[in-house]
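Participant: The structure that follows is given in the form of structure tokens.
Derivation of every value follows stated rules applied to the coordinates shown; laboratory data play no part. As the structure is a computational prediction, the values presented were derived from the model and not from experiment. Glycine gets a Cβ as well: all are built from the backbone with ideal geometry, and neighbour counts include every protein chain shown.
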Amino acid sequence: MLLPGAVYFLIFHFLPMGGLVVAFKDYRMTEGIVGSPWAGLDNFRDLFLNEQFPNALRNTLVIAALRLGLGFFAPIILALLLNELRVRWFKRTVQTITYLPFFFSWVILGGIFLMLFSTTGPMNSILATFGIDPIPFLTSGPWFITVLVVTGIWQSIGYGAVIYLAALTGIEVQLYEAAAIDGAGRWKQTRHITLPGLTPVMIVLFILSVGQLLSAGFDQIYNMYNPLVFESTDIIDTYVLRQLQGLDFGVATAAGMFKSVVGLMLIIGTNALANRLSGGEQGLW
């Protein structure tokens, strides 16, 4: 059963890592990777001295931090709320509705949200009925980042909730029964039984989320941003795309390698912190 997954990671994740050598070469398409001359750390120097990269890095950190800070707790709250529902058909309906957006591509969702939040779109039309002036959701940097974060959470909240709902099924029912006998209400049961039971899963998912900190949602941003908000939403991935379009493969590979190394360091550091705070009981390893 592990073989298909192992083959996938081998072909699409491990073998392509050999291409990282391009980051240390003056890559020329006519000579190929092997024949291209070595450039040492020139591509990294060009990357960090490029005036656009610091802005892309800053935007990436801001958007990713907002996604992590707000989006990490959203599926936990949804899972806890769904867990309290006793009407089974209603619970399944809500779970399906919140899970469904995860299957839609950002090519589709981006077009929907661009129409929804445009100056003459439905959202501003609703605000106009209350006497509120149109809000530049798609042309103002702060408003556009708000739209990115909120719609991103909406798209992934159902998928995250499923993971936590699965973890909730592993908590012993006897613990709730004993707590109820002792007089604990639903809030105290959630605080002293449910949340501690979810803690191991929360820590693992948090470590993995921190590792993806520099991946600020390329699919969503690429399908939604425009020149008016470029200064606020240009991230590392869109910067890499522009370098590839300009055939500057060395700098593009260097940027991708920088992102991967930082992500690895964040995973190792966060895992070490989790181990230290939990006395070695929590973490990926």
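Participant: Taking the Cβ of LEU82 as the center, what net charge do the other residues with Cβ under 15 Å away carry, scoring Lys and Arg +1 and Asp and Glu -1?
Facilitator: +4
Participant: What whole-number value in cubic angstrom gives the convex hull volume per residue for the C-alpha atoms of the chain?
Facilitator: Once divided by residue count, the hull of the chain is 193 Å³.
Participant: As a check on your grasp of the helix formula, calculate [θ] at 222 nm for the chain: sum -39500 (n - 2.57) over DSSP H runs of n ≥ 4, divide by the residue count, round to the nearest 500.
Facilitator: -20500 deg cm²/dmol
Participant: Report the label-to-label distance for LEU15 and PHE104 in nanometres (one decimal), using points 7 Å from each Cα along the Cα→Cβ vector.
Facilitator: Simple spin-label model gives 3.6 nm for this pair.
Participant: Moving on. Which one of THR93, PHE104, PRO4 has its Cα pushed farthest toward the positive end of the charge dipole of the range 4-134, where Lys and Arg give +1 and Asp and Glu give -1 at the Cβ?
Facilitator: Most positive-ward Cα: THR93.
Participant: With a Cα-only, solvent-free Debye model of the range 168-249, what are the log10 I(q)/I(0) values at q = 0.17, 0.21 Å⁻¹?
Facilitator: Each listed q maps to, in turn, -0.77, -0.96.
Participant: Continuing with the same structure: Given a Förster distance of 51 angstrom, what is the FRET efficiency for ILE171 paired with GLN52, based on the Cβ-Cβ distance and rounded to 0.05?
Facilitator: Approximately 0.55, to the nearest 0.05.
Participant: If you look at just the Cα atoms of the range 103-155, how large are its Rg and its Dmax in Å?
Facilitator: Here Rg and the maximum Cα pair distance are 11.5, 36 Å.
Participant: If r is the Cβ-Cβ distance from ALA180 to VAL87 and R0 is 30 Å, what FRET efficiency results, to the nearest 0.05?
Facilitator: 0.90
Participant: Is the C-alpha gyration tensor of the range 11-68 telling us rounded, prolate or oblate? Criteria: a/c under 1.5 is rounded; beyond that, a/b larger than b/c is prolate, otherwise oblate.
Facilitator: Oblate, since a/c reaches 1.5 and b/c is not below a/b.
Participant: Checking the cross-link filter: which lysines have an alpha carbon closer than 28 Å to that of LYS188, excluding same-chain neighbours under 8 positions apart?
Facilitator: Those lysines meeting the cut-off are LYS91.
Participant: Further question on the same structure: Can you tell me the length gained on complete extension of the stretch LEU114 to GLU281, counting 0.36 nm per residue apart and subtracting the Cα distance?
Facilitator: Net length gain for the segment: 55.6 nm.
Participant: What ranking, highest mean first, results for peptides 151-163, 256-268 when packing means the other Cβ atoms within 10 Å averaged over each residue?
Facilitator: The most tightly packed comes first, giving 151-163, 256-268.
Participant: Here's something else I'd like to know. List the GluC sites (Glu not before Pro) within the range 26-128 that DSSP assigns to loop and that have no more than 10 neighbouring Cβ atoms inside 10 Å.
Facilitator: Hits after loop and neighbour filter: GLU51.
Participant: Show me the three semi-axes of the equivalent ellipsoid for the range 1-119, from the C-alpha gyration tensor (sqrt of 5 times each eigenvalue), largest first, rounded to whole Å.
Facilitator: Gyration-tensor ellipsoid for the range 1-119: 43, 23, 16 Å.
Participant: Per q in 0.18 1/Å, what log10 I(q)/I(0) does a Debye calculation on the alpha-carbon atoms of the range 67-115 return?
Facilitator: Debye output, listed in q order: -0.74.
Participant: Which order do the peptides 118-125, 234-241 take when ranked by the mean count of other beta-carbon atoms within 10 Å per residue, highest first?
Facilitator: Output ranking for 118-125, 234-241: 234-241, 118-125.
Participant: Of the options HIS13, ALA128, THR169, report the single residue whose Cα projects farthest towards the positive end of the charge dipole of the chain (beta-carbon charges: Lys, Arg +1; Asp, Glu -1).
Facilitator: About the Cα centre, the residue reaching furthest to the positive side is THR169.
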